[in-house]
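The values are calculated or read from the model by the stated rules, or taken from the named source; none is laboratory data. These figures come from a predicted structure and were not determined experimentally. As a convention, Cβ positions derive from the backbone with ideal geometry for all residues, glycine included, and neighbour counts pool all protein chains shown. Ligands, DNA and RNA are stripped out before the accessible areas are found, and what is left, the full protein with its side chains, is counted by its heavy atoms. Shrake-Rupley method; radii C 1.70, N 1.55, O 1.52, S 1.80 Å.
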Amino acid sequence: MTTAPAAPAPAIPAPEEPDGPGAALLRTLTELSADLPDADPGRVAAAALRGRSRHAGEEELRELATEAAAGLISEDPAHSRLAARLLTLTIRAEAASQGVTSFTSSVAAGHREGLVADRTAAFVRRHAARLDALVDPDADDRFGYFGLRTLHTRYLLRHPVTRKVIETPQHFLLRVAAGLAEEADLAGAGADRAVEEVAALHGLMSRLEYLPSSPTLFNSGTRHPQMSSCFLLDSPEDELDSIYSRYHQVARLSKHAGGIGLAYSRIRSRGALIRGTNGHSGGIVPFLKTLDASVAAVNQGGRRKGAAAVYLETWHADIEEFLELRDNTGEDARRTHNLNLAHWIPDEFMRRVEADAQWSLFSPSDVPGLTDLWGAEFDAAYRAAEAEGLAVRTLPARELYGRMMRTLASTGTGWMTFKDTANRTANQTAEPGNVIHSSNLCTEILEVTEDGETAVCNLGSINLGAFVREGNTADAGTAGRSTADAGTADGGTADAGTADAGIDWERLDATVRTAVTFLDRVIDLNFYPTEEAGRSNARWRPVGLGVMGLQDVLFRLRLPFDSPEARALSARIAERLMLTAYETSAELAARNGPLPAWERTRTARGVLHPDHYDVELSWPERWAALRRRIAVTGMRNALLLAIAPTATIASIAGVHECVEPQVSNLFKRETLSGEFLQVNPYLVADLKRLGRWDADTREALREANGSVEGLTWLPEEVRRLYRTAWELPQRALIDMAAARTPFLDQAQSLNLFLETPTIGKLSSMYAYAWKSGLKTTYYLRSRPATRIARAARAQRPAAEAPAPTVPDPEAVACSLENPEYCEACQ
């Protein structure tokens, strides 16, 4: 997988016939790379012709050339554009073979085959000419190879018999937008507004400035429009009917592409008395084992793996067995290999860890009220239960905390989420009885649940990298383009003022307004797999607007991720998003009425989320005007902001995930067709400017597993800018997350990264996260230190493009290297 020496002589094949397939391929490659001076079409053509079969036609040669170009991405990111352009030709030819030559013919084909909903088909027929005119085929050139390949393999609608795609990427995006249009029977001005709104949303998606989450992309405009990402269920009651009812609810939700968060703190612990039979309970583990099998079995029609996270409060007497569920050793009957584990932690536990005090464990059958209490009321009830001698056992709090850290270190799960912080600032918990019992599968959603209500959230994310102003970046020519194409060209580091001027705030506002409008509309158009989900979503109308591409913004503004300027800019962006989202929700309330549960929210009492924090607002006049408007109109949505992982949609957009730092400057993409290396295009542009993008640097980068820290011949400013998540102080990630928390009325998926985690490091890190006021954290990421170097060990001749190796399909799973295979939340 290593590259050839720098500047190899182009290997241009000599085709047997002037008009043969080889000559045609070379002409195509030359045309497609005319504006890509750093791509090598001759080398790509030579690799494709070497690999062809005896009777290879145009289609086979194009596919071979696509793979060959993808194999050269690690030598120059320009090959990502070339590979994407080749794949675009393949997709268009495939769609044309099914009779699809326009957007309206695509929708007609989907409707004829029972894929597209009647409502969407009618809307498209009514406005055929205007909608067809919206499609810009050249917009496909915004995709990098890996993002476009993800769309082709997993998102575009396919004919149920031929399995050929019946829509191109631009048809797909417009179908998603049309599926969210206002009711199809609108006429006159209402119809015009509906088309204009569809055009606005399609424009954002086509420019990769905003993307809804995967369930919306999968299902909008189809006959089963389940477009919600996340479902949160309260713990089943401590009786069999309730337990098995939850199995049924989880299965139905999982079937329709929903990620599940499930509390489990009401079920009595192992050994507790069952009065009905005069026997003793087996605890939560046998029931979770059954849930584990169900999640594996209901795999969303083979389209996505079922996925669920189970939350347990740290006072539950089965907590130690819960910590062993993901172990690879021990009795398999007491292991769950598909469930993710999360802790729902009260402040009282963290205080006792800090004080090195004792901690008591209870069976919920003895303290049934604890699950529904938080804050001072929980503290009082917990201490009263201790005083009454109801504890099953008592142990040092630090001993249990240490076991929690060991589970995190060994499995990455056992996520640390904080019950009191989540409830204390939540808009939904203004009245007694409204309690948040868990987060979701990816720890960014915080909504109240109860037995008869399943919390739901619809997600979408803004690509922040698309809102860096031209002229304020090191390379103005990259504005609005994906990571696959971007680069920097200039040294120096931006200060806070330059960074603030570097964001197009007005265009960002407009994007937020469109995004919130359509996220809200999903609530009304959505298919709900269970009555409990439909009831809750109609009552509270929560949405989760998030972001992706923060790292791209910082690269383009030349701000090191852990700099004070980066932290300030991140918080300022979060504030602007909340401010505009709240304004939009108030506008929607003026038009359509406030959410039905408006009077039960803190906002109805004049308390906005930032009021819980000691924070100085950047736009105080706009906030004051917003308060006055809300007092009159109310808001359409109880909750509006949540930062999800964005693994898949960030890959489609060609930017870094959510608000995370980059994990490497060079990393693998494992696919069913092969294994490829991808390189940070911003770094490549800098190294070209310095004259150091050569074979020696590429090899050093591989041997260092994508790190430039040890490449001492590079300037310090470059090495600091391109540090990876493994090299950044994790305190900086926590501080940045804490700085944006006042402007997130839900939460954020915050991964933390330690290459060699120790119990001591983890203990301090998560205690700091709690003290900093974070509501939740997500995975602890660790990694083998040499995997990229191993993947790139074999040398190949200079004229030969790296040939991908084919991995075991079962090994292609959700990971840092394969975000396009993880759609659990986005």
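What the table below lists for this structure:
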{"item": "Carbon + sulfur, % of accessible area of the stretch 494-554 - ligands and nucleic acids excluded, 1.4 Å", "result": "52 percent"}
{"item": "Cleavage-rule hits, GluC sites (Glu not before Pro), the stretch 588-634, DSSP coil, Cβ neighbours within 10 Å at most 10", "result": "616"}
{"item": "Stretchable slack from residue 501 to residue 731, in nm (0.36 nm times residue separation minus alpha-carbon distance)", "result": "80.1 nm"}
{"item": "Contour minus Cα-Cα distance for residue 96 and residue 622 (0.36 nm per residue)", "result": "184.3 nm"}
{"item": "Residue list for the stretch 352-370, given a label point 7 angstrom along the Cα-to-Cβ vector of residue 377 and an amide N cut-off under 12 Å", "result": "369-370"}
{"item": "Distance histogram for the chain (every C-alpha pair counted, 20 angstrom bins, percent rounded to whole numbers)", "result": "16, 48, 31, 5, 0"}
{"item": "Neighbourhood charge, 10 Å Cβ-Cβ cut-off, centred on residue 66 and excluding it, Lys, Arg +1 and Asp, Glu -1", "result": "+1"}
{"item": "Helix axis angle, 759-771 relative to the chain longest principal axis, alpha carbon, degrees", "result": "80 degrees"}
{"item": "Whole-Hz couplings from phi, Karplus 6.51/-1.76/1.60, listed for the stretch 119-128; x for Gly and Pro", "result": "4, 5, 4, 5, 4, 5, 4, 5, 10, 4"}
{"item": "Theoretical ellipticity at 222 nm over the chain - DSSP helices of four or more residues, -39500 (n - 2.57) apiece, nearest 500", "result": "-12500 deg cm²/dmol"}
{"item": "Accessible area per residue, Å², the chain with all protein chains present, probe 1.4 Å", "result": "35 Å²"}
{"item": "Mean projected area (nm²) of the alpha-carbon convex hull when the stretch 56-164 is viewed from all directions", "result": "7.6 nm²"}
{"item": "Computed over the stretch 336-387, Cα set: Rg, Dmax in Å", "result": "12.7, 38"}
{"item": "Residue 366 accessible area, 1.4 Å probe, all protein chains in place, Å² to nearest 10", "result": "80 Å²"}
{"item": "Loop GluC sites (Glu not before Pro), the stretch 291-389 (other Cβ atoms within 10 Å of the site Cβ: 13 or fewer; DSSP)", "result": "331, 388"}
{"item": "Per-residue SASA entry for residue 761, accessible area with 1.4 Å probe, Å² rounded to 10", "result": "100 Å²"}
{"item": "Farthest positive-ward along the chain dipole, Cα basis, beta-carbon charges - from 773, 630, 48", "result": "48"}
{"item": "With every protein chain in place, the stretch 50-203: carbon and sulfur % of accessible area (1.4 Å)", "result": "52 percent"}
{"item": "Under the Debye formula (equal points on every Cα, no solvent term), log10 I(q)/I(0) of the stretch 250-319 at q = 0.22, 0.27 Å⁻¹", "result": "-0.90, -1.11"}
{"item": "About the Cα centre, charge dipole magnitude for the stretch 16-75 (Lys/Arg +1, Asp/Glu -1 at Cβ), debye", "result": "200 debye"}
{"item": "Mean-position separation - Cα centroids, the stretch 31-49 and the stretch 400-435, in angstrom", "result": "52 Å"}
{"item": "Bridge type composition, the chain - antiparallel percent by DSSP, nearest 5", "result": "45 percent"}
{"item": "In degrees, nearest ten, helix 397-411 long axis to first principal axis of the chain (Cα)", "result": "20 degrees"}
{"item": "Computed accessible area, residue 676, all protein chains, 1.4 angstrom probe, square angstrom", "result": "0 Å²"}
{"item": "Simple spin-label estimate for residue 31 and residue 694 in nanometres, 7 Å along Cα-Cβ", "result": "3.8 nm"}
{"item": "Distribution of pairwise C-alpha distances over the stretch 364-473, 10 Å bins, in %", "result": "11, 28, 32, 17, 7, 3, 1"}
{"item": "Debye intensity ratio in log₁₀ form over the Cα atoms of the stretch 107-204, taken at each q of 0.14, 0.24 Å⁻¹", "result": "-0.54, -1.31"}
{"item": "Length released on extending from residue 130 to residue 327, taking residue separation times 0.36 nm less the Cα-Cα span", "result": "65.2 nm"}
